[in-house]
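The values are calculated or read from the model by the stated rules, or taken from the named source; none is laboratory data. Everything numeric here is computed off the predicted structure, so don't read it as measured data. For neighbour counting, all protein chains shown are included, and Cβ atoms are generated from backbone atoms with ideal geometry for every residue, glycine included. For accessibility, only protein heavy atoms count, side chains too; no ligands or nucleic acids. Shrake-Rupley method; radii C 1.70, N 1.55, O 1.52, S 1.80 Å.
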Amino acid sequence: MARKRIGIDALRRKKERGEKITMLTAYDFPSAQLLDELEIDTILVGDSLGNVVLGYKDTVPVTMDEMIHHTRAVRRGVETAMLIGDMPFGSFQLGPETAIANGVRFMKEAGADAVKLEGGGPMVEVVDRLTKAGVPVVGHLGLTPQTAGMLGGYRVQGETADKAKVLQDDALALQQAGAFMIVLECVPEVVATKVTQALAIPTIGIGAGPGCDGQVLVFHDLLGIRSGFTPKFVKKYAQLETIMHEAISAYRDEVKSGAFPAPEHCFPMASKELDKLY
């Protein structure tokens, strides 16, 4: 039986049933197609593509044009999962009108089903205006990478009772403004659980413990493709970097030695045609 395309109502029903929601990032067609075939519920084209595939030191330089380019590629590989485009730095902070224009671009030019944007407080009005304009919004609270410098760096947020209350108040305000889901990043497990229980909309955790309604990881982190620093909240389900090193090294050595391509990799020519060459 064909799998139904996942929408906002389906995600809310999952929360009501206590059924966990799966989310992963994707930045290109083949990875998106794979995630969709494996029935991942929601696919996020994160601005993390700046670090992961574009080589930037952080997410700040990522542009709308880059996000549109990658989201369009992912859209071609997705049939049933909900596709969410990440609003990059500068695409929504300048005010509701700019946010609406860029949110519409995500939907019209890239085929996104929704957008995600970071922050509470002043961003609540932006979410309200976006949703009233017909752009579905996922909120993002806790550690917000685009403004990590203002938060004291990449560190746990909501770690005191006062900060946890502000985070919950922001989550409730985003829900009231029309957000249909909220990502909680790098917050204490007990805080994420409390916020999740206070909301009617689903939460997606990343470094926020199992009490959230779902979880998200970066595609390359999950598969162990990237080397270097690995956040505590990442679980590597494979070590593909090692396999890739071995495969590429073997290819290099065989090309240099002449072992590749072998006869089975070559195309023959009919003997009668071969005779005409000489």
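Annotations for the structure displayed:
- DSSP-assigned coil residues among chymotrypsin sites (Phe, Trp or Tyr not before Pro) in the stretch 208-271, each with at most 13 further Cβ atoms within 10 Å: 229, 237
- Sites count as exposed loop sites when they are trypsin sites (Lys or Arg not before Pro), lie in a DSSP loop, and have at most 11 other Cβ atoms within 10 angstrom; the longest stretch of the chain without one is 58-154.
- Residue-normalised accessible area of the stretch 1-127, expressed per residue, 1.4 Å probe, Å²: 46 Å²
- Between 249, 31, 48, the residue with the greatest mean-square fluctuation in the GNM of the chain (Cα pairs under 10 Å linked by springs) is 249.
- Computed extension gain for residue 264 through residue 277, at 0.36 nm per residue and net of the alpha carbon distance, reaches 2.4 nm.
- Using bins of 5 Å that start at zero, the share of Cα-Cα pairs per bin across the stretch 1-155 amounts to 2, 10, 18, 21, 21, 16, 9, 3, 0, 0, in whole %.
- Evaluating 6.51 cos²θ - 1.76 cosθ + 1.60 at θ = phi - 60° for every residue in the stretch 200-217, the Karplus couplings come out as 8, 9, x, 10, 10, x, 9, x, 10, x, x, x, 6, 6, x, 9, 9, 9 Hz, glycine and proline recorded as x.
- For residue 116, the residues whose amide H sits under 5 Å from its own are 85, 86, 87, 138, ignoring neighbours fewer than 5 places away on the same chain, with H placed 1.01 Å from N.
- Paired Rg and Dmax values of the stretch 1-42, which use every Cα atom, in angstrom: 11.4, 32
- Charge dipole (the stretch 179-266, unit charges on Cβ, about Cα centre) - positive-most of 199, 242, 215: 199
- Karplus 3J(HN,Hα) series, Hz, for the stretch 159-166 with 6.51 cos²θ - 1.76 cosθ + 1.60 (x for Gly, Pro): 7, 10, 4, 5, 5, 5, 5, 4
- Ratio Rg/Rh, restricted to the stretch 93-205 and using Cα atoms, in which Rh is the Kirkwood radius: 0.97
- Point-charge dipole on Cβ atoms (K/R +1, D/E -1) for the chain, about Cα centre, debye to 20: 400 debye
- Only alpha carbons enter this Debye calculation for the stretch 239-278, each as an equal point scatterer, and the log10 of I(q)/I(0) it gives at q = 0.17, 0.20, 0.22 Å⁻¹ is -0.62, -0.71, -0.76.
- Reach of residue 116 by Cα under 18 Å, taken over lysines that are not fewer than 8 positions away in the same chain: 108, 132
- Cα-derived Rg over Rh, computed across the stretch 100-148 with Rh taken as Kirkwood radius: 0.98
- Derived scalar couplings ³J(HN,Hα) [the stretch 108-118; Karplus, 6.51 cos²θ - 1.76 cosθ + 1.60; whole Hz; x for Gly, Pro]: 7, 8, 10, x, 5, 8, 7, 10, 10, 9, 8
- Computed E for residue 97/residue 53 - FRET, C-beta separation, R0 41 angstrom, nearest 0.05: 0.85
- Kirkwood estimate for the stretch 31-89, i.e. one over the average of 1/r between Cα atoms, Å: 11.7 Å
- Shape parameters for the stretch 198-278, alpha-carbon atoms, Rg then Dmax in Å: 24.7, 82
- Overall size of the chain from C-alpha positions, given as principal axis extents largest first: 84, 40, 36 Å.
- The label-point distance for residue 234 and residue 5, in a model that sets each label 7 Å from Cα toward Cβ, rounds to 3.3 nm.
- Residues whose amide H comes within less than 5 Å of that of residue 181, counting only those at least five positions distant or on another chain, are 139 (H built at 1.01 Å from N in the peptide plane).
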